[in-house]
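Engineer: Following this message is one structure expressed as structure tokens.
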Amino acid sequence: MDKRSLPRFASLTLIALLSPPLLARGEGRLDPEIGQAQAVGTEHGMVVAQEALAARIGADILQKGGNAIDAAVAVGFAMAVTYPRAGNIGGGGFMVIHRASGEDTTIDYREAAPQAITEKSFLDGQGNADPQKSRDSALAIGVPGTVAGLALAEEKYGSGRFTLADLIAPAIALARDGIAVADDTADALPRDRARLARWPSSAQIFLKADGTPLAAGDRLVQGDLADTLTAIAKGGPRAFYEGPIADRLAAAVKSAGGVMTVDDLKSYRAIERAAVHGTYRGYDVVSMPPPSSGGVVLIEMLNILEGYDLAHDDAAQALFLMIEAMKRAYADRAFFLGDPDRVEVPIARLTSKDYAGEWRATIDPAHATPASELRPGHPTAPEGGNTTHFSVVDRFGNAVSNTYTLNFSYGVGLVAAGTGIVLNNELDDFAAKPEAPNAYGLIGYEANAPGPGKRPLSSMTPTIVLKDGAPFLITGSPGGSLIINVVLQVVIDVIDRGLDLAAAVSAPRVHNQWMPDLVIAEPGLSAGLVAALQARGDKVMVRRLPTSANSILVGPTGFIGAADPRTRGALAVGF
Ligand code: DON
């Protein structure tokens, strides 16, 4: 039965009114305002992305015989044009690849701190963390990784049927000819107007002459970006990291008060890293290693939860246990995770079943553990926002899970004059100072202190779940600190709760990140579920979580794609 049919809704309302102590699996989950994702089925290939033109470009590459990596690279460049608030060539991200041959790998194209960044870069005169510096100033700009990352993925794992130039060509055409502003871009621009208005080079592209933002139906033409992409198509990634484009990037950052130099750009490299690997109830979980915390924290939470029967426990108890796992793994995130090329990260221990067992032993099934009892720290407020995730599969058995970002919507808001490149503010993801929260309320310590050339710790969690060694679920999400918990819940909704993909992607979720000591529950969760968490001692705030888990499930008869209904304009498309 459809988990969201009307009779069920009526029964949920009843359950909410009665607030029974025991809620059955699958109960209490509906957000009529968000609605449910539409499942799209295809046989030969599938792309699910936040923006429809880019998703179709990827599907077209698949149809022309390309593999999932070719398609992902084309989508990545296209979204820099069609979804400029998060799609990018001025930011960075992570790509997880499963190859038809059975191997898994990842590409780390996270931004790196310029050489002039130190532990003190984001402090004020009194030695306190200064969010203005790490979020709103050009000091926050990390060396962009996207061009190097997409080029490396294509060079190593593309099918060989396309040149990099072939895969960039559709993006160039859209930048040059312009696109109609629509959907989430139209929704977001009014909110981001003030950030963009600070620089004429940005205002010229995204605002009208009177300073109001481009609105639905207006044309977004990006001529400079078309020229930049053309130069990359002709000269390869080095045309971005050296020469006139790099000169302009460094000059723009310098004149805005930042410290990124041409040498920083020249020495940037995307890095291929071994995926982190876990198992969950017989499935293999392949995800992103540090400098993202995503894979380690996800696997740690799944390992803790594997010791419980989430499918048959009552729904409130299952949610409670998930929240207890979240607290513990996010506390470890704060203390142990950082750039693995600069700090020792105990990945093997944190992702081991034994370690999860030790944490499980500290969970009281009836009472919430206060966050401060897990590890010391100080509570702060969380936020969400503006990254973008896309998932791709092909008919050959390859899959790509890719999340990339500028950090905030339109990053720091600065377009480097003459390049069309929107620059990130990713360095806010460092712990500016021990226990000083970043924009997502995440705190950290030495492992994630700012430093020259260092990559700030991320929460992005592009993930591929394998069944019998073949792709089963491809998922990930934007949402800052929320991301890892979103992926956790999509995995659990599919594997434990047996939801179909559209229901799993749409289902209301909960979030806890250790500090602050607070559970955020989406409005679609029933009052009964919320009350049951409160009865166990959790503080609960009901609020919508801005995420977008564009996912693919591989079934016996083909691919099922579901775009998250929380953000307008996403598309699942294949052939
Ligand atoms: O890498 C990270 O974890 C963050 N910079 C991601 C930012 C994000 O997801 C923003 N919004 N949705």
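Engineer: Going by what's in this entry, would residue 431 be described as within 16 Å of the ligand (Cβ to nearest atom) and over 18 Å from the mean Cα position of the chain (by Cα)?
Structural biologist: yes
Engineer: If you take the residues in the range 194-216 that are more than 28 Å from the chain's Cα centre (by Cα) and in a loop (DSSP other than H, G, I, E, B), which one is nearest to residue 169 (Cα to Cα)?
Structural biologist: Within the range 194-216, the subset more than 28 Å from the chain's Cα centre (by Cα) is 200, 204, 208-212.
Adding the requirement that they be in a loop (DSSP other than H, G, I, E, B) leaves 208-212.
Numbers: 208: 27, 209: 30, 210: 33, 211: 31, 212: 31 Å.
So, considering only residues that are more than 28 Å from the chain's Cα centre (by Cα) and in a loop (DSSP other than H, G, I, E, B), the one nearest to residue 169 (Cα to Cα) is 208.
Engineer: Also: Hey, among 298, 265, 302, 249, which residue is touching a residue at least 24 places away in the same chain (Cβ under 8 Å), touching a Ser or Thr at 6+ places or on another chain (Cβ under 6 Å), buried (at least 16 other Cβ atoms within 10 Å of the Cβ) and assigned to a helix (DSSP H, G or I)?
Structural biologist: 298
Engineer: Answer yes or no as to whether residue 364 is over 21 Å from the mean Cα position of the chain (by Cα), free of Cβ contacts under 8 Å to residues at least 12 places away in the same chain and under 25 Å from residue 509 (Cα atoms).
Structural biologist: Taking the combined requirement at face value, the residue satisfies it.
Engineer: Quick test for you: out of 24, 100, pick the one residue that is at pLDDT 95 or above, surrounded by fewer than 18 Cβ atoms within 10 Å (Cβ to Cβ) and part of a loop (DSSP other than H, G, I, E, B).
Structural biologist: 100
Engineer: Within the range 388-397, can one find any residue that is in contact with a helix residue (DSSP H, G or I) (Cβ under 7 Å, 6 or more places away or on another chain), among the aliphatic types (A, V, I, L, M) and over 30 Å from residue 206 (Cβ atoms)?
Structural biologist: yes
Engineer: Can you say whether residue 565 is closer than 25 Å to residue 53 by Cα, surrounded by fewer than 24 Cβ atoms within 10 Å (Cβ to Cβ) and either within 18 Å of the chain's Cα centre (by Cα) or touching a residue at least 24 places away in the same chain (Cβ under 8 Å) (or both), as far as the supplied structure shows? Explain how you work it out, then say what you get.
Structural biologist: On the way: closer than 25 Å to residue 53 by Cα: yes; surrounded by fewer than 24 Cβ atoms within 10 Å (Cβ to Cβ): yes; either within 18 Å of the chain's Cα centre (by Cα) or touching a residue at least 24 places away in the same chain (Cβ under 8 Å) (or both): yes.
Answer is yes for this residue.
Engineer: Sticking with this structure for a sec: Look through the range 81-109, keep the residues that are within 17 Å of residue 548 (Cβ to Cβ) and touching a Leu at 6+ places or on another chain (Cβ under 8 Å), and return whichever of them is farthest from the ligand (Cβ to nearest atom).
Structural biologist: Filtering first and then ranking leaves 82.
Engineer: Starting from the range 78-96, keep only residues that are touching a residue at least 60 places away in the same chain (Cβ under 8 Å) and of a type in the set (Ser, Thr, Tyr), then list their pairs with residues that are crowded, with 24+ Cβ neighbours inside 10 Å and part of a strand (DSSP E or B) whose Cβ atoms are within a distance under 8 Å, requiring at least 6 positions of separation or different chains.
Structural biologist: Close Cβ pairs (under 8 Å, with a partner that is crowded, with 24+ Cβ neighbours inside 10 Å and part of a strand (DSSP E or B)) amount to 83/388.
Engineer: Checking residue 447 against (1) touching a Gly at 6+ places or on another chain (Cβ under 7 Å); (2) within 16 Å of the ligand (Cβ to nearest atom); (3) outside any loop (DSSP other than H, G, I, E, B); (4) within 21 Å of residue 91 (Cβ to Cβ): exactly one of these is not met. Which one?
Structural biologist: So the condition that residue 447 fails would be (4).
Engineer: Looking at residue 456 and the list (1) part of a loop (DSSP other than H, G, I, E, B); (2) buried (at least 24 other Cβ atoms within 10 Å of the Cβ); (3) away from the ligand (no atom under 13 Å from the Cβ), which single condition is not satisfied?
Structural biologist: (3) is the only condition that residue 456 fails.
Engineer: Can you give me the number of residues within the range 393-428 that are within 16 Å of the ligand (Cβ to nearest atom), in a loop (DSSP other than H, G, I, E, B) and over 19 Å from residue 453 (Cα atoms)?
Structural biologist: 6
Engineer: Hey, another quick one. Condition first: at pLDDT 95 or above and in a helix (DSSP H, G or I). Can you find one or more residues in the range 305-314 that meet it?
Structural biologist: So far as the range 305-314 goes, yes, one or more of its residues are at pLDDT 95 or above and in a helix (DSSP H, G or I).
Engineer: Give the range 108-148 a look and list any residue that's crowded, with 24+ Cβ neighbours inside 10 Å and assigned to a strand (DSSP E or B), or say none.
Structural biologist: Correct list: 108, 109, 112, 143.
Engineer: Continuing with the same structure: So which residues in the range 149-191 are surrounded by fewer than 22 Cβ atoms within 10 Å (Cβ to Cβ), part of a helix (DSSP H, G or I) and under 23 Å from the mean Cα position of the chain (by Cα), if there are any at all?
Structural biologist: Answer for the range 149-191, where residues must be surrounded by fewer than 22 Cβ atoms within 10 Å (Cβ to Cβ), part of a helix (DSSP H, G or I) and under 23 Å from the mean Cα position of the chain (by Cα): 152, 183, 184, 186, 187, 188, 190, 191.
Engineer: Here's a check for you: in the range 278-293, which residue that is among the polar types (S, T, N, Q) and in contact (Cβ under 8 Å) with a residue 40 or more places away in the chain is farthest from the ligand (Cβ to nearest atom)?
Structural biologist: Only one residue fits best here, namely 287.
The values are calculated or read from the model by the stated rules, or taken from the named source; none is laboratory data. Owing to the predicted nature of the structure, the values given are computational and were not obtained by experimental measurement. Note: ideal-geometry Cβ built from the backbone for every residue, glycine included; neighbour counts use all protein chains shown.
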